[in-house]
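Trainee: So that we are looking at the same thing, I have put the structure below in structure tokens.
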Amino acid sequence: MTDTKSNTMWGGRFAAGPDAIMEAINASIGFDQRMAKQDIEGSRAHAAMLAAQGILTDNDAEAIREGLLTVLSEIETGKFEFSTALEDIHMNVESRLKDIVGEPAGRLHTARSRNDQVATDFKLWVRDQIDATLEAITALQTAFLAQAEAGADHVMPGFTHLQTAQPVTWGHHMLAYVEMLGRDASRFTDARARMNESPLGAAALAGTSFNIDRHATAQALGFDRPAANSLDAVSDRDFALDFLNAASICAMHLSRFAEELVIWSSAQFRFVTLSDRFSTGSSIMPQKKNPDAAELIRAKIARIFGANAALMMVMKGLPLTYSKDMQEDKEQTFDAADNLMLALAAMTGMVTDMTANQANLEAAAASGFSTATDLADWLVRTLDMPFRDAHHVTGSIVKLAEDKGCDLPDLTLDDMTAIHPAITGDVFDVLGVQNSVASRTSYGGTAPTEVRKQIARWKEKLA
Ligand code: ARG
């Protein structure tokens, strides 16, 4: 697509067209065509405003409006021919508009620059992406919530250091992710609110001498207000970084549950069975059912965080205002956004389809002396022992059980009284996992009664 003529958009002072390599490094149309819809939206708002301000005639504005709709439908139906010589989406659209409507197309760029145009388009794109991401997060939360409800009182081991710590409920564990995703959603919502100022009308960098109405274009494009400093408006990409930050943290959360699924679905754990729809087989080992989707979600954080780091690096050395470096903001952001959406969808599928293996979970919950804390708490409550002493006595009882090769409920009362004479038979009540979880009724605790309260709260919130 190399063109030997100078560029029709900016080539007035150029005697020759760009070298092929120059064109290759310069062009962004290969990726920024994803912002076609936003570009046309921005141009329509700009043209309407120019007409309302008497800068464009109504006839020209109408020709531009109609022409832009034609361009949009050509793009949407795949009929549009993108040209690398025309560099980017902005010039591709304008050039095609000129083919369609002729002279008025050349008036569209009055009081505007590609600098405010690209900042506007990209913001609109990120904003749309935030809305899509929020929907995907809600879908995943809903899937976790359904799991929580189905297993509100199912017992499983709770871990610290991946060592059995205390019994918890399946519903409680699922709700932990609903909480994390809730904060993820709020980060995206915050980012959306912060970025919602319109760059359009900042022009190249300094504003314009035309009597434009930036409030009108801001309103037409759903922004809260125009950005108040034209230099800032064309030269920051912190809105994309806010998005990538939120995306990174969200992907980190997804990665943690993915890791749990990898562990839980292993032959050694068998806590969950993943559906065939979200597993793959091995080409050599016929018995294998691999949690590939979970593994790939676990890896997605790498590229999403990579995009975040890359854009930080692109921006950190740039003097105000626009530099072409900033064209490198888009590809990585698109990639991160796509992969986050994919990860959210895959995780929603896995969470919806997975089966908790209740018997295995309960057996695992009861092993590893998981109710030792309940025993210590009983000593405090019943014998009025200071917790530190109770901790010590319990440690000795655990040691005894370990030596005998049994779990705490399997010890005899004689075993217990040999270690502390005041212990009585009703200590055994607190050693069962069901009683253990049922007793943890502090706010936000693992007791099924508490879990059900949180489920009800989230159901209302997500409805
Ligand atoms: N394709 C460019 C970008 O993505 C558009 C802005 C170009 N502006 C300029 N002054 N060359 O950043």
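Trainee: Please state which of the following conditions S279 fails to meet, knowing it meets all the rest: (1) of a type in the set (G, A, S); (2) over 18 Å from the mean Cα position of the chain (by Cα); (3) at pLDDT 95 or above; (4) surrounded by 14 or more Cβ atoms within 10 Å (Cβ to Cβ).
Mentor: The failed condition is (3).
Trainee: Name every residue in the stretch 70-120 that is within 16 Å of the ligand (Cβ to nearest atom), outside any helix (DSSP H, G or I) and over 20 Å from A202 (Cα atoms), in order of residue number.
Mentor: Within the stretch 70-120, F82, S83, E87 meet the criteria.
Residues are listed down the side, and each one gets a yes or a no for (1) over 21 Å from the mean Cα position of the chain (by Cα); (2) among the aliphatic types (A, V, I, L, M); (3) within 16 Å of the ligand (Cβ to nearest atom):
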{"site": "Q287", "(1), (2), (3)": "yes, no, no"}
{"site": "L296", "(1), (2), (3)": "no, yes, no"}
{"site": "L320", "(1), (2), (3)": "yes, yes, yes"}
{"site": "K330", "(1), (2), (3)": "no, no, yes"}
{"site": "T333", "(1), (2), (3)": "no, no, yes"}
{"site": "D338", "(1), (2), (3)": "no, no, no"}
{"site": "M341", "(1), (2), (3)": "no, yes, no"}
{"site": "A345", "(1), (2), (3)": "no, yes, no"}
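Trainee: Still on this structure, please answer the following. Could you tell me whether the stretch 124-134 includes any residue that is within 16 Å of the ligand (Cβ to nearest atom) and surrounded by fewer than 18 Cβ atoms within 10 Å (Cβ to Cβ)?
Mentor: no
Trainee: Something else about it: Identify all residues within the stretch 248-294 that are among the β-branched types (V, I, T) and farther than 26 Å from H172 by Cβ; write none if there are none.
Mentor: T280, I284
Trainee: Could I ask something else about it? Which residue pairs have Cβ atoms under 7 Å apart, sit 6 or more places apart or on different chains, and have a first residue in the stretch 305-325 that is not small (G, A, S) and a second that is not in a helix (DSSP H, G or I)?
Mentor: Close Cβ pairs satisfying both conditions: L311/R237; M315/R237; T321/L205; Y322/L205; D325/L318.
Trainee: Any idea how many residues of the stretch 410-435 are without any contact (Cβ under 8 Å) to a residue 60 or more places away in the chain, surrounded by fewer than 17 Cβ atoms within 10 Å (Cβ to Cβ) and within 45 Å of the chain's Cα centre (by Cα)?
Mentor: Looking only at that region, the number is 1.
Trainee: Select, from T355, T382, T394, the only residue that is out of contact with any strand residue (DSSP E or B) (no Cβ under 9 Å at 6 or more places or on another chain), farther than 17 Å from A418 by Cα and either buried (at least 18 other Cβ atoms within 10 Å of the Cβ) or of a type in the set (V, I, T) (or both).
Mentor: T382
Trainee: Where the second residue is of a type in the set (V, I, T) and the first is touching a residue at least 40 places away in the same chain (Cβ under 8 Å) and lies in the stretch 117-140, which pairs have Cβ atoms under 6 Å and are six or more apart or on separate chains?
Mentor: These pairs meet every condition: A119/V234; A139/T348; L140/T348.
Trainee: Can you name the condition, by its number, that A463 falls short on among (1) among the aliphatic types (A, V, I, L, M); (2) over 36 Å from the mean Cα position of the chain (by Cα); (3) surrounded by fewer than 18 Cβ atoms within 10 Å (Cβ to Cβ)?
Mentor: The single condition A463 does not satisfy is (2).
The values are calculated or read from the model by the stated rules, or taken from the named source; none is laboratory data. What you are looking at is a predicted structure, and each value in this text was computed from that prediction instead of being measured. Quick reminder, even Gly has a Cβ in these numbers, built from the backbone with ideal geometry, and neighbours come from all protein chains shown.
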